[in-house]
Ligand SMILES: [Zn+2]
């Protein structure tokens, strides 16, 4: 399958068809002097990314940089495999992500805790990235990809401690990964913009997440390129919805955390309660329960709820890993 969208400002988006679905994960392509990609998606998406590059007329040996917003496997799991096709590309990553690219053992173990039996189907294979292919970029460092384009990297924890947000000077856009939420494109035909926070395990921090939105706002970002999925030219609405939903997510998890004993019970109750709140919200806008968006939202809430409860457990018991128990 091949789907490439022209987003303007020399940015294209190749759909990675994660799990065979449209609009889940993708690879952004900036056709600069140094051709630069953001994200590779997981390994099963790489054939779709390669077809997309072919459709764009980009030769694989001309790709200079592959930037990873963060090293969660749905964003970066395919980078080792992808690199085998791009002999001249370097991988740009957060200082805390680099060693896990070189040796993905811990990354794989962590993902198996979260995704269990689905791991192989979702992510295999995870190949290491050679040391000499890695470029580390920390907070406020930059990269010139053409005479008129500078990318600036910002350290934006909240979703993960190894998360970069990347500001593009040409489009005045921010590649946000999972920092300021997920954009549910399934509601686009209904004229509804829905952005929900992405609170995956196991480094979720709501205070840092809100601080990242404040940072974006202070930088006067014109557009946000989401990890999931596509571009929004309405950043004000993105910040507004993050600030609305994030406290609801955390407070709802807190209720489940106090009411139930085991991690699984707490997570399951959190999924149901947040799902109800989102359903009620969308119902008020005329969206009925049989809308395809709900399947995706539920899938995301399964992971988000684990992250929320994990955060609450660690807040009360620093150093404890509830997901391993
Ligand atoms: Zn993530």
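Just so you know, all these numbers are worked out from the coordinates, no wet-lab data involved. Note that the structure is predicted; figures quoted are calculated from it, not measured. Methodologically, a virtual Cβ is constructed for each residue, glycine included, from the backbone with ideal geometry; neighbour enumeration extends over all protein chains shown.
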Query raised in the report: Between the range 145-166 and the range 255-325, what is the C-alpha centre distance in whole Å?
Result: 29
Requested in this report: Return the distance in nm (one decimal) between the two label points of a simple spin-label model at residue 317 and residue 190, each offset 7 Å from Cα along Cα→Cβ.
Outcome: 3.9
Report summary line: Here FRET efficiency (C-beta to C-beta, residue 264 to residue 105, R₀ 30 Å, nearest 0.05) is 0.70
**Report entry** Mean shadow area of the range 4-171 over all directions, Cα convex hull, nm²
**Finding:** 9.0
Requested in this report: Rounded to the nearest Å, what's the spacing between the alpha carbon centres of the range 1-71 and the range 226-254? Just the number, please.
Outcome: 24
Report task. Taking the Cβ of each residue in 265, 61, 39 as the centre, tally the other Cβ atoms inside 10 Å and list the residues starting with the fewest. Result -> 61, 265, 39
Query raised in the report: So what are the radius of gyration and Dmax for the Cα set of the range 179-283, in Å?
Result: 14.6, 45
Requested in this report: For every helix of n ≥ 4 consecutive DSSP H residues, a contribution of -39,500 (n - 2.57) applies; sum these over the chain, divide by its total residues, and give [θ] at 222 nm rounded to the nearest 500 deg cm²/dmol.
Outcome: -12000 deg cm²/dmol
Query raised in the report: So how do 239, 225 line up by other beta-carbon neighbours within 10 Å, fewest first?
Result: 239, 225
Query raised in the report: Based only on the alpha carbon positions, what is the Kirkwood hydrodynamic radius of the chain, in angstrom?
Result: 19.8
Query raised in the report: Among 218, 165, which comes first, then next, by fewest other beta-carbon atoms within 10 Å?
Result: 218, 165
